[in-house]
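J.: Have a look at the structure that comes next, please.
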Amino acid sequence: MKAVIMAGGKGSRISASFPDIPKPLIPIGGKPVLEHTIDRLKEYGIDDIIITVSYKAPMITEYFGDGSRFGVRIVYYVEEKPLGNAGALFKIRDSLTDDFFLLNSDSMFDVDLDRFYRYHAEKKALVTLFTHPNSHPYDSSVIVEDNNGAVAAWITKEKKGTGWYRNLVNAGIEIMSPDALDLIDTEKAVSEEPRIDLDRDIILPLTRSGRVFSYKSPEYVKDMGTPERYAEVSSDYESGIIKRKNLKNRQRAVFLDRDGTLNRYVGFVRDPDEFELLDGVCEAISKINRSGYLAVLVTNQPAIARGEITYRELDSIHGKMDSLLSEKGAYLDAVYFCPHHPDRGFDGEIPELKIECTCRKPKPGMLIRAAEDLNIDLASSWMIGDRQTDIAAGKAAGCKTALIGCGDFTQDVSVGSLSEFADSVLFAI
């Protein structure tokens with residue numbers, strides 16, 4: 001399987017810090033960021049690589065050569081004039097006979113590429129985007145999925161307005177079928193100097209086919225395109241967080257109840273206007289993010305079964321939650337909710353959801369499902385909430401438990417808030 005790495009950009013935001021070298025040669029941990037990318041590809045048996053270059057191309061080609069020094073085969077396409085961030089794909093189309101990985105050259109990542117590709121193959125996708133929540137979705141486009149994981153909408157940062165959106169961002173790693181290029185009906189693609197934007201000219205038009213999918217993962221992908229993000233990536237590399245977050249490795253998680261733990265308890269929240277984060281929650285979740293633990297929400301939402309709220313309305317509430325967190329640089333790695341309720345007799349109830357399920361807390365189903373999805377070591381993880389049902393679910397799953405507030409429910413620790421847990425428990429481990 002091939003990989004195409006786009007390495008032609010100038011990197012204007014980071015160039016002030018590294019004026020004499022192109023972006024792909026900026027060092028992380030003593031070696032160029034592009035070398036880290038090649039190492040990750042080789043680890044998964046991807047040793048046939050095409051690199052598209054333009055700005056300071058000779059420095060890149062001289063350093064990497066034919067790739068033999070790194071155990072791979074590298075060929076280059078040199079853009080004599082800028083072709084946009086994807087125009088070169090049409091110039092090398094004849095070399096792309098099978099599905100290929102498409103990557104930027106200015107991101108650090110450590111991702112289980114085998115798992116990513118299996119998802120792509122199962123979906124029979126034309127394009128699969130690696131998507132994730134991150135600490136700065138406000139300056140990126142956000143992805144909206146349908147129930148099958150297909151990309152239903154692509155909301156650019158210019159079009160966000162004042163709405164609430166889930167924190168799901170295209171991370172800049174794709175798997176693409178070469179057939180996707182053949183389906184683009186644009187005069188620019190066949191011109192002598194096609195200036196093609198990957199998102200606007202290729203991926204967005206293909207979303208109408210229903211065959212562009214989102215592969216959602218909490219694994220580490222971060223661009224280092226600004227001095228601030230470069231410092232963050234360098235720190236994460238030195239701490240080992242980048243490697244630890246690969247889903248081949250067992251993960252540790254902090255499972256979080258919602259109402260009364262993250263947001264002010266007002267009964268069942270039925271409208272985004274009723275949702276208000278508690279003081280200190282953003283900062284506490286940001287600390288969890290930086291610790292290397294996954295932050296995973298697990299919440300009972302029986303109002304769905306009772307017909308008092310729809311799935312779409314719940315998604316809007318969680319959109320506000322994501323937006324409020326992201327304003328302070330915090331994010332949830334995953335959200336699980338139980339829509340069931342066992343008792344009947346409510347006006348407008350949904351009969352198929354009025355069941356005894358295995359996911360409604362105090363049962364541990366949501367935690368167990370998350371552990372299966374994200375390779376979580378439950379014994380090394382925490383469940384934190386404000387009710388006995390939260391503690392019981394955590395205990396049943398084999399987690400350590402923390403109760404917010406007073407009560408004796410066999411919890412391991414009691415704290416006054418999520419902030420206290422992050423400061424006095426999590427960082428004391």
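J.: Please state which one of Glu352, Glu356, Glu327 is of a type outside the set (Ser, Thr, Tyr) and modelled with pLDDT under 95.
T.: Glu327
J.: Can you tell me which condition Val151 does not meet? The list is (1) assigned to a strand (DSSP E or B); (2) at pLDDT below 95; (3) of a type outside the set (Asp, Glu), and all the others hold.
T.: (2)
J.: Given the options Lys354, Lys328, name the one that is touching a residue at least 12 places away in the same chain (Cβ under 8 Å), surrounded by fewer than 21 Cβ atoms within 10 Å (Cβ to Cβ) and in contact with a Ser or Thr (Cβ under 7 Å, 6 or more places away or on another chain).
T.: After applying the criteria, what remains is Lys328.
J.: Given the residues Ser414, Ser381, which is the only one that is closer than 14 Å to Val254 by Cβ and in the same structural domain as Glu308 (by TED's automatic domain parsing)?
T.: Ser381
J.: Moving to a separate point now. Kindly check whether there is at least one residue in segment 292-308 that is more than 23 Å from Asp377 (Cβ to Cβ), touching a strand residue (DSSP E or B) at 6+ places or on another chain (Cβ under 6 Å) and either in contact (Cβ under 8 Å) with a residue 60 or more places away in the chain or among the polar types (S, T, N, Q) (or both).
T.: yes
J.: With the condition being in contact with a Cys (Cβ under 8 Å, 6 or more places away or on another chain) and of a type in the set (A, V, I, L, M, F, W, C), I'd like the strands (runs of 3 or more DSSP E) fully within segment 362-429 carrying at least 1 qualifying residues.
T.: The strands (runs of 3 or more DSSP E) meeting that bar are 382-385.
J.: Another question, then. Among residues belonging to segment 62-89 that are of a type in the set (A, V, I, L, M) and over 12 Å from Ala3 (Cβ atoms), point out the one that is modelled with the lowest pLDDT.
T.: Leu83
J.: Could you check, for segment 233-254, whether at least one of its residues is assigned by TED's automatic domain parsing to the domain that holds Leu325, modelled with pLDDT of 95 or more, of a type in the set (Phe, Trp, Tyr) and within 19 Å of the chain's Cα centre (by Cα)?
T.: No - not one qualifying residue is present in segment 233-254.
J.: Exactly one of these conditions fails for Ala125: (1) more than 14 Å from the chain's Cα centre (by Cα); (2) surrounded by fewer than 18 Cβ atoms within 10 Å (Cβ to Cβ). Give me its number.
T.: Here Ala125 clears every test but (2).
One line per residue, one yes/no per condition, for (1) free of Cβ contacts under 8 Å to residues at least 12 places away in the same chain; (2) closer than 12 Å to Leu256 by Cα; (3) surrounded by 21 or more Cβ atoms within 10 Å (Cβ to Cβ):
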| position | (1), (2), (3) |
| --- | --- |
| Cys338 | no, no, yes |
| Asp347 | no, no, no |
| Arg360 | no, no, yes |
| Leu374 | no, no, no |
| Ser381 | no, yes, yes |
| Asp408 | yes, no, no |
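J.: Next up: Arg258 versus (1) within 30 Å of Ala396 (Cβ to Cβ); (2) crowded, with 18+ Cβ neighbours inside 10 Å; (3) under 16 Å from the mean Cα position of the chain (by Cα); (4) of a type in the set (Lys, Arg): which is the lone unmet condition?
T.: The one condition Arg258 does not meet is (3).
J.: So, in segment 51-93, how many residues would count as being farther than 23 Å from Ile202 by Cα, among the β-branched types (Val, Ile, Thr) and touching a residue at least 24 places away in the same chain (Cβ under 8 Å)?
T.: Selection size over segment 51-93: 4.
J.: In segment 90-129, what count of residues is obtained for those that are assigned to a helix (DSSP H, G or I), modelled with pLDDT of 95 or more and not basic (Lys, Arg)?
T.: Adding up the residues that qualify gives 9.
J.: Here is a list of conditions, (1) free of Cβ contacts under 8 Å to residues at least 40 places away in the same chain; (2) within 27 Å of Gly280 (Cβ to Cβ); (3) surrounded by 18 or more Cβ atoms within 10 Å (Cβ to Cβ), and Gly365 meets all of them except one; can you say which number that is?
T.: Going through the list (1) free of Cβ contacts under 8 Å to residues at least 40 places away in the same chain; (2) within 27 Å of Gly280 (Cβ to Cβ); (3) surrounded by 18 or more Cβ atoms within 10 Å (Cβ to Cβ), Gly365 breaks only (2).
J.: Do the conditions hold for Asp386, that is, is it surrounded by fewer than 24 Cβ atoms within 10 Å (Cβ to Cβ) and either closer than 29 Å to Leu247 by Cβ or free of Cβ contacts under 8 Å to residues at least 12 places away in the same chain (or both)?
T.: Here the answer is no, as Asp386 does not meet what is asked.
J.: Sticking with this structure for a sec: Quick one: Glu276 ticks every box in (1) over 22 Å from Ala370 (Cα atoms); (2) free of Cβ contacts under 8 Å to residues at least 60 places away in the same chain; (3) buried (at least 18 other Cβ atoms within 10 Å of the Cβ); (4) not polar (S, T, N, Q) except a single one, so which number is it?
T.: (3)
J.: Return the residues of segment 1-48 that are in contact with a Ser or Thr (Cβ under 6 Å, 6 or more places away or on another chain), under 17 Å from Tyr76 (Cβ atoms) and not in a strand (DSSP E or B); say none if nothing qualifies.
T.: Gly8, Pro24, Leu34
J.: Would you say Pro302 is touching a His at 6+ places or on another chain (Cβ under 9 Å) and more than 28 Å from Glu420 (Cα to Cα)?
T.: Yes.
The values are calculated or read from the model by the stated rules, or taken from the named source; none is laboratory data. In this text the structure is predicted, and so the values were computed from the model without any measurement. When we count neighbours, we look across all protein chains shown, and the Cβ atoms used for this are built from the backbone with ideal geometry, even at glycine.
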